[in-house]
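Q: Have a look at this one.
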Amino acid sequence: GMASRRQSRVMRTADVLQAPGTASARLGPDGLPEKAPTASSTVPLLGRQVWVGWPHHRRAKVTMVADENVTFSGDWQHPHAQHHSEEERAQFPKETEYHRGLLQQRLAMELGRVHVLVYVRWLAHYARDVRGVPQLTWSESFSCYPL
């Protein structure tokens with residue numbers, strides 16, 4: 001397409017992990033976390049409801065977190081760990097690069113190196129029962145976001 005006449009912006013993210021019971025990561029001189037997140041450090045996100053997507057946020061539920069070595073699923077109190085094979089470890093950088101590239105091309109978000117992938121299920125249906133208690137139904141398929 002045509003180049004924009006206006007100045008473009010690129011959003012750069014810093015430390016976005018602030019799960020219950022975790023301290024905020026220490027930031028280095030460049031404003032980025034000194035220690036990269038891992039799947040085990042993001043386990044507190046499992047089962048949590050989050051808002052994802054930009055610029056139109058959608059409610060989702062975190063179902064899995066993965067890094068190069070392991071994938072955690074289930075809920076944060078009783079996570080199920082599945083260790084990756086050599087083939088899966090070799091595939092992980094390609095998958096992270098794919099998701100990082102999507103955000104950079106479509107949303108102009110520069111993430112830098114991605115260490116963790118977060119898998120979510122979209123909210124498919126929201127209703128209240130006769131007592132007014134919310135009944136949430138989550139989609140069968142999941143989407144992946146780099147962290």
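Q: Could you give the length gained by full extension between residue 81 and residue 57, i.e. 0.36 nm per residue of separation minus their alpha carbon distance, to one decimal place?
A: Numbers: separation 24, 0.36 × 24 = 8.64 nm, distance 2.92 nm.
Extending this stretch completely gives an extra 5.7 nm.
Q: With every protein chain present, what accessible area does residue 87 have (1.4 Å probe, heavy atoms only), rounded to the nearest 10 Å²?
A: Per-residue accessible area (residue 87): approximately 150 Å².
Q: Where q = 0.11, 0.12, 0.15, 0.17 Å⁻¹, what log10 of I(q)/I(0) comes from the Debye formula for region 39-146, counting one point per Cα?
A: -0.40, -0.47, -0.70, -0.87
Q: Would you rank 119, 98 by solvent-accessible area, highest first, keeping every protein chain in place and using a 1.4 Å probe? Each step should come with its number before you reach the end.
A: Working: 119 25, 98 135 Å².
Order by accessible area, largest first: 98, 119.
Q: Between the DSSP loop rule and a limit of at most 11 other Cβ atoms within 10 Å, which trypsin sites (Lys or Arg not before Pro) in region 34-93 are left?
A: Values: sites: 35, 48, 58, 59, 61, 89; in loops: 35, 48.
Of the trypsin sites (Lys or Arg not before Pro), the ones in loops of region 34-93 whose Cβ has at most 11 other Cβ atoms within 10 Å are 35.
The values are calculated or read from the model by the stated rules, or taken from the named source; none is laboratory data. Keep in mind the model is a prediction, meaning the values are calculated, not measured. Neighbour counts are summed over all protein chains in view; Cβ atoms, including those assigned to glycine, are modelled from backbone coordinates with ideal geometry. Side chains are part of the model used for accessible areas, which takes the heavy atoms of the whole protein and leaves out ligands, DNA and RNA. Shrake-Rupley method; radii C 1.70, N 1.55, O 1.52, S 1.80 Å.
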